[in-house]
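Beneath this line is the structure, given in C-alpha cells, with notes to follow.
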C-alpha cells in the first residue's frame, strides 16, 4: 500500500507546555505532505519527524486561534532562509489570516524567493478546497466560538496492479501496461479480447481521514465522514468538565467517542488536550467506555492508515 | 550576595533547529526577571527554567529579525490566558515592533486583562531605557543590517550590611537600622558620633552584564562596557567564515574574544551560533586562543554573575 500516514506534531490546547505542543499535524500521502494547523514551535516538531520541508506545499488552518496558527510566520520565514522556491499554499476560513500575516511577510520575509498563496474558504458549508490525482480535501464546518472548519482527506483509489502472469502469458508489450491499468482491455493476435478485469488485481478503496478540531460535537458532519478510516476528534476535557466544554465550544473525550460511534468510523484518535490533565489516559479511558478503538495522541506519534 | 543570574533560553541563530532555540535569555536580578529577545518557542524554553512568568515585566528586543521576536505573540497570548493583570513592557528600536504586533494583539488578544506597553529607543546612541532601585539598563548601539541595540545591565550597589556587634554594643534600636544602612550616623547617649562606616560592612560594587548581539565587532562600545563582569557576545561563525561574517554583519568567535580583550571584561559568554556547526566547541576553542575565560552557551544553562 502506498503511504497514508498521520504525524502528530502537537496535540495540546490553548498554549504550549512542557508536555504538549499546540495543534499541528502532517498527513504524508504518497510522499506529498499536507499540514493541518500550525501552533508555535511547529517547525521544530516537524524536524523531529525527519520529513522534508520541501515536500510540504499545502497548509490548512482550521481557525485563527493562536494555538493553531502562531507557528506560521516562523515556518514561512525558515522556508525562505532555506532557499525554497516553490509556492506555499495556505487555506483558512475567510480572509483574516491573509490580513494578519501579509504585513508580517512584507516586513520579515520581503526577500524570499518563493510566494505564499492565500486561499480562503467559507466556514459555513462543506466545500472541496483541494484536489489532485491522489486526494481530495473537503472542509468540515465546526461549532466553535470563531469561524472554524475541520478537514476531510479522501484518497483516490490507486490504479489496479497488473497481473504479471497474464502479461507474460499473453506477451503484452510493456508500453501497453499503463493503458491497461487505467482501464483498457487487450486484444491478442487471434483477435480475442481480454478484459481489463482479467488482466489486473483491484486495489483497496481510497482511505479517508477526518480532522475535527476545535468544536462542540457536531452531528451535521456524520453524513460526510461516515465510515472513514480514521477520525481525529478534539477531546479537550474529561466528562466532569462537560459544562466547561459546552461553555468554551469544545468536546469531552466521551462526546468524541459518541460522535465516532454515530459516524461509524474505524478508528478514533483523540487530541487537543487541556493542560489540566497530568495524565491524558483518563481521557482515553472515558472514550473507550463508548468506542473501543481509541488512539491517545502524543507528540511524535505516527499513525498509519 | 543577592541573585544576578543569566538563563540562556536560546543561543542559535537564524532559525530554530533540533540543537538550538533562537535568541532569548532571562536575567534574574534579585528575583525580578528581565527578558532579552524572544525567538519562536521562548515561552516553552522559559518553562524549562522553572522561573515564574509573573515575575517578568520587561522584555528588551534587540532588533526585528524573526529569530529575536517571533516568540512574542505566543508569550503575550499565554500570559493573557494565565490571567495576568500586570502591565508588560516591551522595549525595541523604533516603532516597528508596535506597528507589527498591535494588529495581532487586537485580533488574537483582545480580551486580555493586562496591557502591553510599548517603549521605543533610538538605535543610534546609547541611552538609559530602564531604571529602578536595583538596576539601570542602557542600550548599546550595534552594527547590524537593521536597526539593532544590545543592552547593558548595571546593578546598583546593595545597601551595606549592618555590624550586629556594634548594634548590640551601642544598644541601637532596631528602627534606626535602615536609616544607618542608607548612610546615616549614630549619636550615643553621651553625644559621641559613631560614623556610618564604623557601623556597617560595605557590600561589593554592583555587577555589570552586557548583551551584544547581532553585530559586527563594534569598538565604540568599549568605553561603556569596559571591565564588566560578563559579556555575552554573538559568535555566529568560525574564523574560516570571516568574510561571510562581515558580509552578513555578524562576528566570528575570535572577533568576540578580541572584543572581550579590548573591553577587559571578566568573562565572555558566546552564543548566536550558526546551524552549520555540528559541534560548537570549535567556536569556543577559537575564542579561547585569544581570551581565556570563555563560556560556550547552551540552552537551559544558568550563569551566575
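The values are calculated or read from the model by the stated rules, or taken from the named source; none is laboratory data. Since this is a predicted model, take the numbers as computed values, not measurements. So basically every Cβ, Gly included, is an ideal-geometry build from the backbone, and we count neighbours across all protein chains shown.
If residue B:81 meets every condition in (1) within 10 Å of another protein chain (Cβ to nearest Cβ); (2) crowded, with 23+ Cβ neighbours inside 10 Å apart from one, which number is that one?
Of everything listed in (1) within 10 Å of another protein chain (Cβ to nearest Cβ); (2) crowded, with 23+ Cβ neighbours inside 10 Å, residue B:81 misses just condition (2).
On the basis of being more than 30 Å from residue A:237 (Cβ to Cβ), within 13 Å of the chain's Cα centre (by Cα) and more than 9 Å from chain B (Cβ to nearest Cβ), does residue A:105 make the cut? Let's see the steps before the verdict.
On the way: more than 30 Å from residue A:237 (Cβ to Cβ): yes; within 13 Å of the chain's Cα centre (by Cα): no; more than 9 Å from chain B (Cβ to nearest Cβ): yes.
No, not satisfied.
Return yes when residue A:150 is out of contact with any helix residue (DSSP H, G or I) (no Cβ under 8 Å at 6 or more places or on another chain), surrounded by 12 or more Cβ atoms within 10 Å (Cβ to Cβ), modelled with pLDDT of 95 or more and more than 23 Å from residue A:204 (Cβ to Cβ) and no when it is not.
Details: out of contact with any helix residue (DSSP H, G or I) (no Cβ under 8 Å at 6 or more places or on another chain): no; surrounded by 12 or more Cβ atoms within 10 Å (Cβ to Cβ): yes; modelled with pLDDT of 95 or more: yes; more than 23 Å from residue A:204 (Cβ to Cβ): yes.
No: the conditions fail for residue A:150.
How many of the residues making up the range B:221-236 are surrounded by 17 or more Cβ atoms within 10 Å (Cβ to Cβ) and touching a residue at least 40 places away in the same chain (Cβ under 8 Å)?
Applying the first criterion (surrounded by 17 or more Cβ atoms within 10 Å (Cβ to Cβ)) to the range B:221-236 yields B:221, B:224-225, B:228-236.
Add one more test, that the residue is touching a residue at least 40 places away in the same chain (Cβ under 8 Å), and what stays is B:221, B:224-225, B:228-230, B:232, B:234-236.
Total meeting the criteria: 10.
Taking residue B:62 and the conditions (1) within 14 Å of chain A (Cβ to nearest Cβ); (2) touching a helix residue (DSSP H, G or I) at 6+ places or on another chain (Cβ under 6 Å), which numbered condition does it fall short on, given that it satisfies the others?
The failed condition is (1).
If a residue has to be in contact with a helix residue (DSSP H, G or I) (Cβ under 6 Å, 6 or more places away or on another chain) and loosely packed, with under 10 Cβ neighbours inside 10 Å to count, how many in the range B:161-197 make the cut?
0
For (1) touching a strand residue (DSSP E or B) at 6+ places or on another chain (Cβ under 6 Å); (2) under 19 Å from residue A:211 (Cβ atoms); (3) without any contact (Cβ under 8 Å) to a residue 24 or more places away in the chain, each residue gets a yes or a no:
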{"position": "A:241", "(1), (2), (3)": "no, no, no"}
{"position": "A:249", "(1), (2), (3)": "no, yes, no"}
{"position": "A:252", "(1), (2), (3)": "yes, yes, no"}
{"position": "A:289", "(1), (2), (3)": "no, no, no"}
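What about residue A:128, is it under 28 Å from residue A:86 (Cβ atoms) and loosely packed, with under 15 Cβ neighbours inside 10 Å?
Numbers: under 28 Å from residue A:86 (Cβ atoms): yes; loosely packed, with under 15 Cβ neighbours inside 10 Å: yes.
Yes.
Just need a number here: residues in the range B:13-31 that are surrounded by 24 or more Cβ atoms within 10 Å (Cβ to Cβ), within 14 Å of another protein chain (Cβ to nearest Cβ) and out of contact with any helix residue (DSSP H, G or I) (no Cβ under 7 Å at 6 or more places or on another chain).
The total comes to 1.
Here is a yes/no grid of residues against (1) at the interface with chain B (Cβ under 10 Å from one of its Cβ atoms); (2) out of contact with any strand residue (DSSP E or B) (no Cβ under 7 Å at 6 or more places or on another chain); (3) part of a helix (DSSP H, G or I):
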| residue | (1), (2), (3) |
| --- | --- |
| A:77 | yes, yes, yes |
| A:90 | no, no, no |
| A:98 | no, no, yes |
| A:114 | no, no, no |
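If residue B:35 meets every condition in (1) touching a residue at least 60 places away in the same chain (Cβ under 8 Å); (2) under 21 Å from residue B:295 (Cβ atoms); (3) more than 9 Å from chain A (Cβ to nearest Cβ) apart from one, which number is that one?
Status for residue B:35: all satisfied but (1).
Here is a check on your reading of the model: is residue B:56 in contact with a strand residue (DSSP E or B) (Cβ under 8 Å, 6 or more places away or on another chain), within 12 Å of chain A (Cβ to nearest Cβ) and either buried (at least 18 other Cβ atoms within 10 Å of the Cβ) or free of Cβ contacts under 8 Å to residues at least 40 places away in the same chain (or both)?
Numbers: in contact with a strand residue (DSSP E or B) (Cβ under 8 Å, 6 or more places away or on another chain): yes; within 12 Å of chain A (Cβ to nearest Cβ): no; either buried (at least 18 other Cβ atoms within 10 Å of the Cβ) or free of Cβ contacts under 8 Å to residues at least 40 places away in the same chain (or both): yes.
So residue B:56 does not fit the description; no.
Residues that are assigned by TED's automatic domain parsing to the domain that holds residue A:53, surrounded by fewer than 17 Cβ atoms within 10 Å (Cβ to Cβ) and touching a helix residue (DSSP H, G or I) at 6+ places or on another chain (Cβ under 9 Å): does the range A:97-105 have at least one?
So far as the range A:97-105 goes, yes, one or more of its residues are assigned by TED's automatic domain parsing to the domain that holds residue A:53, surrounded by fewer than 17 Cβ atoms within 10 Å (Cβ to Cβ) and touching a helix residue (DSSP H, G or I) at 6+ places or on another chain (Cβ under 9 Å).
Please work out which residue is nearest to the other protein chains (Cβ to nearest Cβ), limiting yourself to the range A:1-11 and to residues that are crowded, with 24+ Cβ neighbours inside 10 Å and in contact with a helix residue (DSSP H, G or I) (Cβ under 8 Å, 6 or more places away or on another chain).
Selected residue: A:10.
What helices (runs of 4 or more DSSP H) completely inside the range A:209-305 contain at least 1 residues that are touching a helix residue (DSSP H, G or I) at 6+ places or on another chain (Cβ under 6 Å)? Show your work before the answer.
Details: elements: A:222-225, A:242-247, A:253-262, A:281-288.
Because the criterion is at least 1 residues that are touching a helix residue (DSSP H, G or I) at 6+ places or on another chain (Cβ under 6 Å), the helices (runs of 4 or more DSSP H) in the range A:209-305 that meet it are A:222-225, A:253-262, A:281-288.
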